[in-house]
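Contents: one structure, followed by commentary.
The values are calculated or read from the model by the stated rules, or taken from the named source; none is laboratory data. Bear in mind that the values here come from a model prediction, so they are computed numbers and not experimental data. When we count neighbours, we look across all protein chains shown, and the Cβ atoms used for this are built from the backbone with ideal geometry, even at glycine.
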Amino acid sequence: MRCRFCEKPAFIKLHYPRMYLCPEHFTEYFERKVKRTIERYKLIGPGERILVVVSGGKDSAVTAHVLKKLGYDIECLHINLGIGEYSEKSEEYAKRQCEALGVPLHIVRVKELLGHGIGEVRTRRPTCSYCGLTKRYIFNKFAYDNGFDAVATGHNLDDEASFIFANLMNWNTQYLAKQGPVTPEQFNGKLVKKIKPLYELTEREVVAYALANGIEYHIEECPHAVGATTIEYKGILNDMEEKRPGTKINFVKGYLRKKHLFEAELQEKELRECEVCGMPSSGEVCSFCRFWRMEKALDFSLRRK
Ligand code: Q46
Ligand code: ZN
Ligand code: ZN
């Protein structure tokens, strides 16, 4: 098969919209889609500085690559979670990716910072739960301390569709009221804006973009991800997509149109400043400082170093 727009052999067959594309035309298609997502959902304003959280995996690597190519002002942050060899390899990939892009990379190592890696803390709380809490706190605080206007993550269409699907299955209306391609800043900027530039691109397209553009990434999954239910939900959605192309994007777009229905159930807790770190919290001490038993605030500002 040939590319729809030139004479070259096809590199990928897209199912929705149905077309065959060569690597160059696929790259163009992909980047145009990211640009459209940024404009449609107003992810990035003029002159804004963006912190891209790079894990070493494909989604965040592609996010950084495309944002840089589209001319946005980006820097990257890698959080080394301290999960043995998996984290060491992830950091190596993040370094290589940023070097290839010529973008500054900042690294925060959880074990050095907090004394224990993820998975090493004695707690009843599930590992992924406190891992998520820790990552979110660190990238937000890092962005806030260094004056970034937004934090970009690599969430793709499959992640979003499976998240919505899983939360619908459990009727977690609190979560369903708050998802989307952009979460505006809150609490005088202490909760920095979060954006998802790959919101409308499938995982398959992200893999193909990385391949077409020679982007290396860590293929291995985190050892704690094994058996995660989101993987099952992704499988179900992939089966449906195969039978009815466009299922995922129509599901997610339909959700965005109906999201307001869940907002009625939202019980927004009043936020106040955490007594330890001064960041937004629903109780006296924020969940990060409580979990890690912090005695003073972390300071990530680069100016001091
Ligand atoms: S939450 Fe859980 Fe992930 Fe953290 S412990 Fe690994 S699988 S990395 S996206
Ligand atoms: Zn072509
Ligand atoms: Zn705190």
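Tell me, yes or no, whether segment 40-56 has at least one residue that is in contact (Cβ under 8 Å) with a residue 12 or more places away in the chain, closer than 14 Å to Asn213 by Cα and of a type in the set (A, V, I, L, M).
No, every residue in segment 40-56 fails to be in contact (Cβ under 8 Å) with a residue 12 or more places away in the chain, closer than 14 Å to Asn213 by Cα and of a type in the set (A, V, I, L, M).
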Point to revise | Residue that is farthest from ligand 3 (Cβ to nearest atom) [pool: residues in segment 278-301 that are assigned to a loop (DSSP other than H, G, I, E, B) and of a type in the set (Ser, Thr, Tyr)] | key: Ser301
Check your understanding: Picking from Glu270, Glu265, Glu275, which residue would you name as being of a type in the set (Asp, Glu), farther than 30 Å from His65 by Cβ and within 12 Å of ligand 3 (Cβ to nearest atom)?
Key -> Glu275
**Study point:** Candidates Tyr72, Tyr86 - the one that is free of Cβ contacts under 8 Å to residues at least 60 places away in the same chain, of a type in the set (Ser, Thr, Tyr) and touching an Asp or Glu at 6+ places or on another chain (Cβ under 9 Å)
**Key:** Tyr72
Study note, to complete from the structure: If you go through Arg49, Arg2, the only one that is under 25 Å from Cys98 (Cα atoms) and away from ligand 1 (no atom under 16 Å from the Cβ) is Arg49
Check your understanding: Looking at Glu220, is it closer than 21 Å to Val108 by Cα, part of a loop (DSSP other than H, G, I, E, B), in contact (Cβ under 8 Å) with a residue 24 or more places away in the chain and among the charged types (D, E, K, R)?
Key -> yes
Practice item. Looking only at segment 35-52, decide whether some residue is touching a Pro at 6+ places or on another chain (Cβ under 8 Å) and in a helix (DSSP H, G or I). Key: yes
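Matching residues to (1) assigned by TED's automatic domain parsing to the domain that holds Glu203; (2) modelled with pLDDT of 95 or more; (3) within 30 Å of Arg18 (Cα to Cα):
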position	(1), (2), (3)
Val252	yes, yes, yes
Leu261	yes, no, no
Ser281	no, yes, no
Phe288	no, yes, no
Arg293	no, yes, no
Arg303	no, no, no
